[in-house]
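Written below as C-alpha cells is the structure these notes are about.
Every number in this text was worked out from the coordinates using simple rules, so none of it is lab data. If you're wondering where the values come from, they're calculated on a predicted model, not measured in any experiment. Please note: Cβ atoms are built from the backbone with ideal geometry, for glycine as well, and neighbour counts cover all protein chains shown.
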Amino acid sequence: MDELNALLEPGMLVSHPEQPDWGVGQVQSNIGGRITVNFREEGKVVIDGSRVTLLPVFGD
C-alpha cells in the first residue's frame, strides 16, 4: 500500500486525483489497503490503495 494511504484514518477528508468531479470524500475505513470513502458527489466507493493515492484535503 502507498505510504500516504497508510496514514488515512476514518473521518479524514480526501480527494481522488483522477476523479475531481467526485468532490471531497470522507474516509470511512482503511483496512488492508482497501479504503472506503464517502464522496460528496459519487457516494460510497472502495478504493484499492495500491493503485490510487488519495490526496488529503485540509479545510474545505
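Can you spot a residue in the range 22-29 that is surrounded by fewer than 12 Cβ atoms within 10 Å (Cβ to Cβ) and touching a residue at least 12 places away in the same chain (Cβ under 8 Å)? Taking every residue of the range 22-29 in turn, none turns out to be surrounded by fewer than 12 Cβ atoms within 10 Å (Cβ to Cβ) and touching a residue at least 12 places away in the same chain (Cβ under 8 Å). Residues of the range 38-51 that are surrounded by 15 or more Cβ atoms within 10 Å (Cβ to Cβ) and closer than 14 Å to Leu7 by Cα: Gly49 alone.
The residue of the range 11-39 that is nearest to the chain's Cα centre (by Cα), among those that are under 13 Å from Val57 (Cα atoms) and not in a strand (DSSP E or B), is His16.
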